[in-house]
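This report refers to the structure that appears directly beneath it.
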Amino acid sequence: MYSQKYKLKFLIVTTLAFVGLLTAVALVSHSSQSALASTQCGKGATVVHTSIDLGCRGEDNAGSDVNPILDMLYAFTRFLTAGVGIVIVGSVVVGGLQYTTAQGEPQKQAAARGRVISALGALVLFLFTFALLQWLIPGGLF
């Protein structure tokens, strides 16, 4: 009924979509846990109270006072990290669906393959950028 090559391609695309979905769930759950913090950014004498919950933690690695601007910046970075994960997973899933519905048309298969490869390339680029920032910033981002 289905060729061996088709079954292998389907398995690869399904596996990539599943791994991406697990990544997105992990990122969203991590960001939602940090979003349960109070509505203040910073710690000590420099605390800033906000009207909405920005996801500020009010802590740093050394346990000293935290600059509220940096606290807000870290919260924004955590939010963007979850967004990147969701976009990459969505792109891989859409690419997988495009590939499975291409029905042997080479142009559609190439477009779908390009979408998946671009999404995975974006993931690798994001991970390397994150690793570089962790290395450059004393104490890391998180």
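Where does each of 117-130, 84-97, 67-80 land if you order them by average Cβ count within 10 Å, highest first? Present the calculation step by step, with values, prior to reporting the outcome.
Values: 117-130: 13.8, 84-97: 19.3, 67-80: 16.6.
Packing proxy ranking, top to bottom: 84-97, 67-80, 117-130.
What share of Cα pairs, in percent, lie more than 12 angstrom apart in the stretch 84-138? Spell out each step's value before the answer.
On the way: 980 of 1485 pairs.
Cα-Cα pairs of the stretch 84-138 separated by over 12 Å account for 66 percent.
Read the figures in this text as sums done on the coordinates, not as results from a lab. All values reported here derive from a predicted model rather than from experimental measurement. Counting neighbours? That spans all protein chains shown, and the Cβs are built from the backbone with ideal geometry, glycine included.
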